[in-house]
Every structure is written in structure tokens, then in C-alpha cells.
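The values are calculated or read from the model by the stated rules, or taken from the named source; none is laboratory data. None of these values were measured; they are calculated from a predicted model. FYI the Cβ positions are ideal-geometry reconstructions off the backbone, even for glycines, and counts take in every protein chain you see. Ligands, DNA and RNA are excluded from the accessible area calculation, which covers all protein heavy atoms including side chains. Shrake-Rupley method; radii C 1.70, N 1.55, O 1.52, S 1.80 Å.
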Amino acid sequence: MGRYIGRDDREVANSLADMNDKELLLKLTALAVRVLAEFGLFGPEAVMPGIGFSAEDFAVRVFSQYLDGKIKVKSLSYFYKAIRNDVIDKSRLLAHTNTEYMPSNVEHDDADGEPTENLAEFPDKKPLIDHTLCVQSLSDRVRACVANDPKLKEYVEAVLDLGLCKPAEIADALGVPVDEIYVRIRRLERHLIKGGLKAVPHEE
Amino acid sequence: MKNKSQKERLEELSNALFGSPEDLSLEHALETLKLAEISPEELCDRTYNELLLKARAYRTRQQEVPPRLKKALEDLRPATAPARSQEELDRSASATVSRVIDAVRGFKLPSSSPSFALSTSYRNKKSEKSPKDQRTIDRLEKELLHDLGEEEKDDQD
């Protein structure tokens, strides 16, 4: 975590410094939940690959380090980015470890003494995030999720196909009030957190 | 995800689909936590207890508790936590009485109700009441009478 967050150590966290810490903790945890869900890690048992922290544990640790002054950030966006990058990097590290790390329980069973992994006793064999396909995977899962919901589909197409990203721009393009876009954003996030963006039946 | 641009692309995509973290309201965050079956109260209580230990460790090492940590302990302090000093106890009692008075002020008496006076029988009791308590009671009584007088005037107008 510190690797990313620590980059701008000299910067003062103005907006965060003014925020009530209870609010900051709750928002950080909500963002950690969202990040994990983006990678398909959702539900009460979801943990970060490799280190086994839940979104809650992870957010508390980050918050604690922030309070100690060990990490200094300027915005929630920066926290969000750092959490996501940490998930990606931990996953990559774990993938690397799984192929190259020689744990103490390796067996030497051939003439050259080359190690062979004892997979059954390997520390962490949870499914890894496919970090080479994150963007594509997220796009595909979002599309599948909204296929039966015309309003969400329209919104997702505006983002993925037209490349629009600001709610006001999307509202203009779709000819709907911007509040309606925020409603759709919330609804899409509910699908993400609750079901990891599995395709859902049309709710309206 | 080998280069920075892919990470940036993922960030942009996420912000566009689910909203920017800067737009995250407290209400929105609470809803997300509820969906994830995380209790905000338990989260805050647990964090508060961890921070208390951390602050204690600083004091044990005879180091100053970082200002940010102090502020967080204040912000996360549960309402049910015992008062740490007489001053805090007085402040909390005063705030409680003020809330009761505010609630009473919310009620509108019918204009036909008889005029009334506050009983002084409790006010003048000497036991278990500090001079500070007496001052608080006097101040609140004065405010209440003033407000009632104003309301009476309004009703007459």
C-alpha cells in the first residue's frame, strides 16, 4: 500500500484533513469493498489475494497508517487508486510466487534435483485475478449484467462504446436529467457489490 | 496489467461506471457497507479500540500521540463511552439537558392554556448539585422563560 500512497509524501491532505474521521473510515471501507468487487471478489468472505485481508481489515489498516502519518494522501481518489493497485500487485506477486517460489515442502524427485511443487501443501491456491484482462473482464461482466435492463444497458453503452465518463456528458447524450444518471450509477454499483456483476434479471 | 496506462484505463472505466470516489456521499458509503454486510457501528467501535491501543503504546513509549490519531479518537469515540473527566461529564450533562429543552420547545402550547411558573423546589435543593450545575440550570431556565415569553407575545399578535 505504502508503495503507491507514499509517492506524494510531501503533499498535504487538505480535503481529507477537513473530513470527520468516522466519515473517512466509512468511505474508505466502502471504496475497498468496491475495488474488491470490481475484481469479482465480493460477499462477506471476500479477501484480498495473497494477504487474506477483507475489505474491512484492509481499510482499517490503511486508515491506521494514515493516522500515524506514515501515508499522506490528498484525496479519496488517491486512496481508491492505491487500493486497486495494491490488489493488482498482490495478485501479480502471488502469481509469481506460485510459479517461482520454492517453499520448504518442495520435493526433489528427479535425478537432477529439480524441485517439484507439492501443490496440496502450497500456502495459497485461491483463484488469482487475471490481471492481464482486468479492463476487458470488467467491461464484459458489466455488459452481461445489464443485458436485460434497457436503462442500465443504455448507460453502460454510453460509457463503453461512446467513451463518455462524466455524468453530465452521459446525461446530455442520453437526453435524461443528470440525477437519473446518478440513480443508474448507484444501481449498477448495487449489482457489483451484491453479485459481482453477474447477469441480473430486469428489475423494472 | 503490465503498464501504467492499463491501470489508468481501469481507473477511468471504474470511475465512469460506478462514479468518482470524490462524489461518494456518506449516505452512499453506508449503503455500500450495508450491501457488503458490514456494520458501520461495529467497524467504528473496533477501529476506535484499535486506535486506543495504538495511542496507549505511544504514551507507554513516552512519545506524543500524533495529532491526527488524537483527532480520530475524538471523532470515533462512541457515544456510550464513559466520560474521561469531570469537565466532559458536565459538558455531556449540559448537552443532554439542552436536548431535552429543545425537544420541549418543539411543542406548541394552545393559546388558551393558563400561564405557568417553573417550580423552584428542585432548583434550590443543595444536595448533589455543584455550583456549575446550578449555573447551568439557571441559564437554561432563563432561556426557557424568555422563549416562552416570546411565544406568548407572538400568539397575542
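Within segment B:66-81, the set of residues being open to solvent by 40 Å² or more (accessible area, probe 1.4 Å) and not in a helix (DSSP H, G or I) comprises B:ARG77, B:ALA79, B:THR80. Selection of segment B:23-47 for residues being farther than 19 Å from A:TYR182 by Cβ, facing chain A (nearest Cβ under 7 Å) and in a loop (DSSP other than H, G, I, E, B) yields B:ALA36, B:GLU37, B:ILE38.
Of all residues in segment A:152-172, those that are away from chain B (no Cβ under 11 Å) have Cβ atoms under 7 Å from Cβ atoms of residues that are open to solvent by 80 Å² or more (accessible area, probe 1.4 Å), 6 or more apart or on another chain, in A:ALA171/A:PRO177. Of the residues examined, B:ALA57 is not one that is touching a helix residue (DSSP H, G or I) at 6+ places or on another chain (Cβ under 7 Å), outside the structural domain of B:ILE137 (by TED's automatic domain parsing), at pLDDT 90 or above and open to solvent by less than 90 Å² (accessible area, probe 1.4 Å). At least 1 residues being at pLDDT below 85 is the threshold, and among the helices (runs of 4 or more DSSP H) wholly inside segment A:1-80 those reaching it are A:2-5, A:14-17, A:55-68. Taking each residue of segment B:60-75 that is touching a residue at least 24 places away in the same chain (Cβ under 8 Å) and looking for partners that are part of a loop (DSSP other than H, G, I, E, B) and open to solvent by less than 40 Å² (accessible area, probe 1.4 Å) with beta-carbon atoms closer than 9 Å, six or more apart or interchain, yields B:LEU73/B:VAL65. If you go through segment B:1-39 one residue at a time, how many are open to solvent by less than 30 Å² (accessible area, probe 1.4 Å) and either more than 19 Å from A:CYS165 (Cβ to Cβ) or in contact with a Phe, Trp or Tyr (Cβ under 6 Å, 6 or more places away or on another chain) (or both)? The qualifying residues number 7.
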